[in-house]
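Comments concern the structure below.
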Amino acid sequence: MIELVFGESPAGALKLAKSIKQGERLSGAIAVLGGTKKEQREVKKLRNWPGMTMEGSSRDVEALTLTLDIGDISDMDTGMNKRKKLLDGLFADFPEVSDEIWKTSQYALTRIQEARTTLEHIRMWICTSDPVEVCGMYFVCHLMLESQTPLSVVRVPKQIEKDNSIVYYRSIGEIAAEEFGAFTEYEEHPYSGLVKQRSEK
């Protein structure tokens, strides 16, 4: 399965979520800024991973970061020169960032195109309140026209009641790594059928 997200930050969180099993001891460096001595000691205690175990591995996760919510997208079928120039402009002060995002996105596009032949399931993660993620989902559906590749979408609700409070999500990037497994209950599977129906019209 390809786990597709539309940003670098959610890709990192989802990779972490897919690489640790529920109850596994967490390790690594912890930095604590501020707080009382007691609060600092509490934070530094060894902990187990509270998230659900997710199938697969971190290698399943791909980031397609093309910022399709801005700029001209009219040439996306014939080439992506305008998209590369737009990314270069957005990260003009940090050209290495633009190059790395482009490289990551090109690798994700290669895997998506290969899925047309291998029929590897693509699961996309979106919040409908984030135009980047919604445009990314539509773009992938467009790429999959006339393909039998199974597509599904985890459509995270804009708000969720949790621990006697309401939590608002504006993008997948706001989801903590340990929470990803629980959100799979929002996965919808009709997308391969919709793409097929649209291609038959």
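Summary of values
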quantity: Which numbered condition G56 misses (of (1) loosely packed, with under 14 Cβ neighbours inside 10 Å; (2) more than 19 Å from I122 (Cα to Cα)); calculated: (2)
quantity: Test: residue in segment 120-132 that is more than 21 Å from S9 (Cα to Cα) and at pLDDT 90 or above; calculated: yes
quantity: Residue check for D69: touching a residue at least 60 places away in the same chain (Cβ under 8 Å) and not small (G, A, S); calculated: yes
quantity: Residue within segment 66-74 that is at pLDDT below 90, closer than 23 Å to G173 by Cα, more than 16 Å from the chain's Cα centre (by Cα) and in a loop (DSSP other than H, G, I, E, B) present; calculated: yes
quantity: Condition broken by V61, with the remaining ones in (1) farther than 21 Å from K103 by Cβ; (2) surrounded by 11 or more Cβ atoms within 10 Å (Cβ to Cβ) satisfied; calculated: (1)
quantity: Failed criterion for I160 (all others in (1) farther than 18 Å from P50 by Cβ; (2) out of contact with any Pro (no Cβ under 9 Å at 6 or more places or on another chain); (3) not charged (D, E, K, R) hold); calculated: (1)
quantity: Residue selected from segment 113-137 under the condition of a type in the set (A, V, I, L, M) and under 14 Å from the mean Cα position of the chain (by Cα), by the criterion surrounded by the most Cβ atoms within 10 Å (Cβ to Cβ); calculated: I122
quantity: Candidates R41, R59, R83, filtered to the one that is among the basic types (K, R) and touching a Leu at 6+ places or on another chain (Cβ under 7 Å); calculated: R83
quantity: Sole exception among (1) in contact with a Ser or Thr (Cβ under 8 Å, 6 or more places away or on another chain); (2) not in a helix (DSSP H, G or I) for L86, by number; calculated: (2)
quantity: Enumeration of residues in segment 102-147 that are basic (K, R) and under 22 Å from E174 (Cα atoms); calculated: R123
quantity: Counted residues, segment 2-49 - those being touching a Ser or Thr at 6+ places or on another chain (Cβ under 6 Å) and assigned to a loop (DSSP other than H, G, I, E, B); calculated: 3
quantity: Which listed residue, of R41, R25, R47, is over 16 Å from the mean Cα position of the chain (by Cα), more than 26 Å from V134 (Cα to Cα) and modelled with pLDDT of 80 or more; calculated: R41
quantity: Options K45, K18; residue that is surrounded by fewer than 16 Cβ atoms within 10 Å (Cβ to Cβ) and of a type outside the set (D, E); calculated: K45
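The values are calculated or read from the model by the stated rules, or taken from the named source; none is laboratory data. Bear in mind the structure is a predicted one, so any value in this text is a computation, not a measurement. Glycine gets a Cβ as well: all are built from the backbone with ideal geometry, and neighbour counts include every protein chain shown.
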